[in-house]
Amino acid sequence: MNFPLKQPSQIALIVSLALGLSACNDTQATVSTSAAKVEKIDSAAAIEFINQAEADLANLNIEANRAEWIYSNFITDDTAALSAAMGEKVTSTSVRYATEAAKYAHVELDAVNARKLNSLRSSLVLPAPLDPAKNAELASIVSELNGLYGKGKYCFADGRCLTQPELSNLMAESKDPAVLLEAWQGWREIAKPMRPLFEREVELANEGAKDLGYADLSELWRSQYDMEPDAFSAELDRLWAQIKPLYDSLHCYVRGELNEQYGDEVAPKTGPIPAHLLGNMWAQQWGTIYNSVAPEDADPGYNVTELLAQNGYDEIKMVKQAEGFFTSLGFGALPDSFWTRSMFVQPQDRDVVCHASAWDLDNLDDIRIKMCIQKNAEDFTVIHHELGHNFYQRAYKNQPFIFKNSANDGFHEAIGDTIALSITPKYLQKIGLLDSVPDASKDIGLLLKQALDKVAFMPFGLMIDQWRWQVFNGTIKPEQYNQAWWDLREKYQGVKAPIARSEADFDPGAKYHVPGNVPYTRYFLAHVLQFQFHKALCDIAGDTGPVHRCSIYGNEAAGAKLNEMLEMGASQPWPEALNVITGTKQMDAKAVLDYFAPLQVWLDEQNTEANRQCGW
Ligand code: X8Z
Ligand code: ZN
């Protein structure tokens with residue numbers, strides 16, 4: 001899960017330097033004997049250190065996973081205290097090893113050990129300062145923030161108290177702006193008390209990052225991508241610039257349709273879209289408002305939520321069906337312990353963290369998911385997403401501990417989504433959910449549904465860490481937290497708060513990953529990568545039709561290629577992993593644009609016909 005030491009490994013400047021040096025091996029003959037000896041002793045000491053740290057962290061990780069699993073399955077003051085105590089131990093150990101790793105940075109090592117050493121130094125998400133009191137303080141804040149989110153509820157005037165998934169259902173289903181507004185505003189009440197905790201957390205973790213030699217936490221977070229931090233930021237800008245014209249067309253179309261549905265008062269024709277009207281608590285995926293904006297003549301005429309209900313799908317059957325996709329590709333079935341130890345249904349008798357997650361308790365076979373599954377299309381996709389994590393974890397289980405991770409964090413998030421892109425009408429027919437496959441005239445409807453989830457997500461996937469990185473590096477001051485959040489929401493997504501907000505609010509805290517300290521850029525990357533993977537796997541499967549109609553279900557050649565990449569874990573820089581499936585070492589949003597090309601044309605026609613003024 002989201003433990004500091006389990007965050008993706010990476011290879012920053014240090015490793016490029018080390019690799020550069022090792023390319024000069026032949027010059028070693030000219031080095032004096034005593035210098036060579038020192039070098040040898042140094043590298044032996046470094047390797048001994050790496051082995052020791054790796055073994056120690058591997059053991060600690062299992063203990064920590066158990067404490068964290070219990071805490072998020074049963075939130076009480078006691079489990080919070082146990083989780084904080086464990087967090088304290090894990091952080092102090094990881095910080096100690098990260099500090100020591102920096103001392104060996106000058107040592108010439110083979111590529112594997114150089115990569116491990118770099119990972120030890122820079123894989124932390126929330127490094128604590130070396131001072132034990134500050135470390136303890138940070139650990140307790142981390143636990144408290146997680147608890148505040150997990151326990152969050154909003155109670156309506158009639159006494160009904162709803163948890164996060166229940167409020168999300170309301171946001172997806174209701175078309176009554178007053179109800180939507182109340183749920184939207186009510187959920188954000190849970191975040192107000194997080195503000196001082198978050199502010200202190202940032203202060204402490206920044207100090208920890210500085211202790212490790214980084215300018216601030218932003219630099220540390222951005223150094224986990226096998227390239228210089230600023231080059232990574234530039235890479236994100238490049239990808240977003242590719243996608244933005246498509247997003248603008250979608251935004252323009254959706255805003256126009258919402259205006260027709262709700263009228264000028266609630267949904268104005270121009271400017272940013274009020275954030276409570278997009279079918280999702282955070283306006284991050286808009287697929288649930290598909291019915292309100294669907295094209296009249298190109299609607300495929302089915303709805304996965306209804307198909308699941310009509311076919312008697314309960315939570316377990318939804319997971320079994322998703323597992324079936326992976327096994328059809330040649331992956332082994334999930335172990336019995338997955339079925340007995342996972343949490344699929346929200347317990348009625350206690351507080352749990354409902355936000356979906358996938359776990360690897362023992363770094364071998366004890367893989368599980370934890371979700372409050374809702375029986376709808378959205379969660380059917382999320383189940384595939386979570387199982388993508390589990391199948392990745394199992395595929396890299398034979399790697400050494402430090403490499404038991406994805407190539408970069410975007411890869412971990414992309415695998416299940418790649419599989420879910422294959423949930424096409426053809427697939428639904430194969431598994432008996434759909435009687436017949438709609439003809440090509442319905443493609444616009446299918447593409448629009450997909451774009452409402454995938455394209456709409458992209459600016460959201462980007463803006464969260466744009467906000468956090470600026471918070472970490474001091475550009476955004478604590479007294480500007482909320483205003484800066486909405487400025488970025490407007491800049492990237494073209495959405496606005498439906499009612500006035502102030503610095504008494506802390507709206508970022510109402511999104512799980514902020515109190516949960518999960519870096520978010522991974523999801524933006526995943527939304528690009530999954531389209532690259534899907535296209536490449538469809539090619540391998542020999543599918544020659546339009547890529548949005550391709551399903552790799554049952555294709556073992558595609559499965560074998562996917563597995564080849566998954567097995568690598570984090571053992572090599574991510575461009576190498578990308579190359580295995582796609583034959584390229586570059587992330588490229590062209591795959592997204594190609595997938596949605598017919599939709600882009602259609603959206604632009606609609607917007608022109610309706611004489612819409614696009615932009616905000
Ligand atoms: O948090 C998740 C997964 C768990 S890693 C359910 N996702 C992001 C979110 O919900 O905000 C998947 C898509 C984006
Ligand atoms: Zn995920």
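Within the range 348-397, being within 13 Å of ligand 2 (Cβ to nearest atom) and either under 16 Å from SER72 (Cα atoms) or more than 18 Å from the chain's Cα centre (by Cα) (or both) holds for HIS355, ALA356, SER357, ALA358, TRP359, ASP360, ILE369, LYS370, MET371. For GLY509, the conditions (1) touching a residue at least 60 places away in the same chain (Cβ under 8 Å); (2) away from ligand 1 (no atom under 13 Å from the Cβ); (3) touching an Asp or Glu at 6+ places or on another chain (Cβ under 8 Å) are fulfilled apart from (3). Exactly one residue out of THR424, THR418 is surrounded by fewer than 23 Cβ atoms within 10 Å (Cβ to Cβ), within 21 Å of LEU329 (Cβ to Cβ) and either of a type in the set (Val, Ile, Thr) or within 15 Å of the chain's Cα centre (by Cα) (or both): that is THR424. Just one of the listed residues (ASN482, ASN473) is in contact with a Ser or Thr (Cβ under 8 Å, 6 or more places away or on another chain), surrounded by fewer than 24 Cβ atoms within 10 Å (Cβ to Cβ) and within 18 Å of PRO272 (Cα to Cα), and it is ASN482.
Among the residues of the range 581-603, those identified as surrounded by fewer than 19 Cβ atoms within 10 Å (Cβ to Cβ) and among the aliphatic types (A, V, I, L, M) are LEU593, ALA597, VAL601. Just a yes or no: is a residue in the range 137-144 part of a loop (DSSP other than H, G, I, E, B), over 30 Å from ILE273 (Cα atoms) and modelled with pLDDT of 95 or more? Within the range 137-144, none of the residues are part of a loop (DSSP other than H, G, I, E, B), over 30 Å from ILE273 (Cα atoms) and modelled with pLDDT of 95 or more.
Take the range 116-166 and flag every residue that is in contact with a Leu (Cβ under 9 Å, 6 or more places away or on another chain), aliphatic (A, V, I, L, M) and free of Cβ contacts under 8 Å to residues at least 40 places away in the same chain. LEU162 - this is the single residue of the range 116-166 that is in contact with a Leu (Cβ under 9 Å, 6 or more places away or on another chain), aliphatic (A, V, I, L, M) and free of Cβ contacts under 8 Å to residues at least 40 places away in the same chain.
Cβ-Cβ contacts under 7 Å between residues 6 or more apart (or on different chains), taken from a first residue in the range 269-288 that is within 16 Å of ligand 1 (Cβ to nearest atom) to a second residue that is modelled with pLDDT under 95, are absent.
If the condition is being more than 30 Å from SER122 (Cα to Cα) and either within 16 Å of ligand 2 (Cβ to nearest atom) or at pLDDT below 95 (or both), then the range 403-438 contributes ILE419, ALA420, LEU421. Taken as a whole, the range 371-385 holds no residue that is within 30 Å of LEU117 (Cα to Cα), in contact with an Asp or Glu (Cβ under 9 Å, 6 or more places away or on another chain), within 16 Å of ligand 1 (Cβ to nearest atom) and of a type outside the set (D, E, K, R). For the range 548-555, indicate whether the set of residues that are over 25 Å from LEU239 (Cα atoms) and in contact with a His (Cβ under 9 Å, 6 or more places away or on another chain) is non-empty. Scanning the range 548-555 turns up at least one residue that is over 25 Å from LEU239 (Cα atoms) and in contact with a His (Cβ under 9 Å, 6 or more places away or on another chain). Residue pairs whose Cβ atoms lie under 8 Å apart, sitting 6 or more positions apart in sequence or on different chains, and linking a residue in the range 412-428 that is over 12 Å from PHE531 (Cα atoms) to a partner that is among the charged types (D, E, K, R) and more than 11 Å from ligand 1 (Cβ to nearest atom), are THR424/ARG549; PRO425/ARG549; LYS426/ARG549.
The values are calculated or read from the model by the stated rules, or taken from the named source; none is laboratory data. For clarity, every value in this text was computed on a predicted model and none was experimentally measured. FYI the Cβ positions are ideal-geometry reconstructions off the backbone, even for glycines, and counts take in every protein chain you see.
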